[in-house]
Amino acid sequence: MIPKIMQASKVGFPCDRNLWYAVNGYESEIKTRTQRIFDVGTALEPIVVDWLNQDGWVTFYNSGSQRAELELYANIKGGKIGGHPDVFMENSYVNNVLADIKTMNERAFISWKRNGTLKDKPQYADQLHVYAYAAMAAGAPVDKLAVVGVNKNTSELHIDLFDYSEERMNEIIKRAERIFSLDTPPEQGDRMESWACQYCEFAKHCDIYQAKHKQDTDVGNSIMKTNEPDIVNAIELLKEARELSKAGKELENDAKAVLDEQVRKQGVKSVSIGSLILTLTETSSTRFDSTAFKKAHPELIQEFSKTINSVTYNIKESA
Ligand code: SF4
């Protein structure tokens, strides 16, 4: 019997059922756009490794993504877990860092940099734990794990270092062994996330998905179900723009809080860092209090109001 294999890049996926299809050899179907996102990430990897070298890291780059030379697998009950780690690296401060390179869009990068891998991208942390577990089983020392992230919009590079956790790895192994042991596809499990089906390469095999998402056009109840690429792209773009704008606002507030504390309250009016000069200008302005005016002169509000038609686009995840 061919041993079941769970790839490190899959172990953090939230749906148990997806993992079951993967380890049981079901044919996957990756959307063209998703595949191209993977391809861009793979193509950028050697460039990112060059940047690491320029920044003083000594790297061993396992080039070739899924066809990379170095494969690390460890046996667990019912099968194997492992895959192809991207990079081993070290510098004068830290040795034996096992790292994975991730290219991200602006929104994902901002959120990951702000919150860290363990909170924002637990699936990356799980992936790195599996590589580390297999590496250590093969006798290679691992002192730290790292995600090397690159913002595809700005080319900013950020490294998030974190520790290997035996407790986390035990949970990963427990889940993998349970999925290996099942003869039929399980339910999604308690780690399921609402976004998972959208990125699932086994949706065509999945009864749960098929029952929820009939791919026909249904204009009953005013909901038009569609796969029309222009509409799909526009909705995804609008969703991303809103998330980006929210993340940007939060970042701006964080930065302003620091500057308030460390610059404005010290009475400093101007600060320079390299080629950037920050100048503080304090102003006061008068705003029209429309709520108070409405209360005081309800009859005037009626007289000076006019009707303007507009459309609001709300986006929410379907149940
Ligand atoms: S379609 Fe959704 S429920 Fe079905 S296997 Fe994929 S992620 Fe899981």
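Please treat every number below as a calculation from the coordinates, not as lab data. In this text, all values refer to a predicted model and were calculated from it rather than measured experimentally. Every residue, glycine among them, receives a Cβ derived from its backbone with ideal geometry; neighbour counts consider all protein chains shown.
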Worksheet item: Can you give the Rg to Rh ratio for the range 220-267, taking only C-alpha atoms and Rh from Kirkwood?
Response: 1.41
Item to complete: Name the long-range amide H neighbours of ASN153: under 5 Å, sequence gap of 5 or more, or other chain; modelled H, no Pro or chain starts.
Response: GLU106
Worksheet item: With axes computed from alpha carbons, what is the tilt in degrees of helix 229-262 against the longest principal axis of the chain, rounded to the nearest 10 within 0 to 90?
Response: 70 degrees
Item to complete: Go from 0 up to the bin containing the longest alpha carbon distance in the range 215-316, width 5 Å each, and give me the % of pairs per bin.
Response: 2, 8, 9, 10, 9, 10, 11, 13, 12, 8, 5, 3, 0
Worksheet, complete the sentence: If amide H atoms are modeled at 1.01 Å from N in the peptide plane, then the residues at a separation of 5 or more from LYS80, or on another chain, having amide H under 5 Å from its own are LYS4, ILE5, MET6
Fill in: Karplus (6.51, -1.76, 1.60) ³J(HN,Hα), θ = phi - 60°, over the range 81-95, in Hz, Gly and Pro reported as x
10, x, x, 10, x, 6, 8, 9, 8, 7, 9, 6, 9, 9, 9
Fill in: Under the Karplus curve 6.51 cos²θ - 1.76 cosθ + 1.60, θ = phi - 60°, whole-Hz ³J(HN,Hα) for the range 142-157, x wherever Gly or Pro sits
10, 8, 8, 10, 8, 9, 9, x, 10, 7, 5, 7, 10, 6, 5, 10
Item to complete: Could you please state, rounded to a whole Å, how far the C-alpha centre of the range 257-319 is from the C-alpha centre of the range 8-39?
Response: 44 Å
Discussion item. Can you give me the long-range amide H partners of LYS102? Hydrogens built in the peptide plane at 1.01 Å from N, cutoff under 5 Å, separation of 5 or more residues or another chain.
Written reply: VAL148, GLY149, VAL150
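If you put +1 on each Lys and Arg Cβ and -1 on each Asp and Glu Cβ, how big is the dipole of the chain around its Cα centre, in Debye rounded to 20? The partial results should precede the final answer.
Details: 39 positive and 46 negative charges, 136 e Å.
Taking the Cα centre of the chain as origin, the dipole is about 660 debye.
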Item to complete: Could you work out, for the range 99-252, what percent of all Cα-Cα pairs fall into each 10 Å distance bin, beginning at 0 Å and stopping at the bin that holds the largest distance?
Response: 8, 27, 31, 25, 8, 1, 0
Worksheet item: Among VAL87, VAL130, ILE301, whose Cα lies farthest out toward the positive end of the dipole of the chain, if unit charges sit on the beta carbon of Lys, Arg (+1) and Asp, Glu (-1)?
Response: ILE301
Item to complete: Would you mind working out the magnitude of the charge dipole of the range 220-267 relative to its Cα centre, with +1 at each Lys and Arg C-beta and -1 at each Asp and Glu C-beta, to the nearest 20 Debye?
Response: 200 debye
Practice prompt. Take every Cα-Cα pair in the chain and report what % of them are more than 34 Å apart.
Written response: 41 percent
Worksheet item: Along the range 276-293, what does the Karplus equation 6.51 cos²θ - 1.76 cosθ + 1.60 (θ = phi - 60°) give for ³J(HN,Hα), rounded to whole Hz, x for Gly and Pro?
Response: 9, 10, 9, 10, 9, 10, 9, 10, 10, 9, 10, 10, 6, 8, 5, 5, 5, 5
Worksheet item: Helix 32-54 sits at what angle to the longest principal axis of the chain, using alpha carbons and giving 0 to 90 degrees rounded to 10?
Response: 80 degrees
Worksheet, complete the sentence: Once the dipole of the chain is set up from charges on Cβ (+1 Lys and Arg, -1 Asp and Glu), the residue from the list PRO229, VAL311, VAL49 lying farthest towards its positive end is VAL311
Item to complete: Using packing as a proxy for protection, rank 87-95, 4-12 so that the peptide with the highest average count of other Cβ atoms within 10 Å comes first.
Response: 4-12, 87-95
Item to complete: Set Lys and Arg Cβ to +1 and Asp and Glu Cβ to -1, take the dipole of the chain about its Cα centre, and tell me which of GLY25, GLY248, ILE5 lies farthest positive.
Response: GLY248
Worksheet entry | Computed helical MRE - 222 nm, the chain, DSSP H runs ≥ 4 contributing -39500 (n - 2.57), nearest 500 | -13000 deg cm²/dmol
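How large is the convex hull of the Cα atoms of the range 1-158 per residue, expressed in Å³ as a whole number? Walk me through the intermediate numbers first.
On the way: hull volume 20.3 nm³, N = 158.
Output value, Cα hull per residue: 128 Å³.
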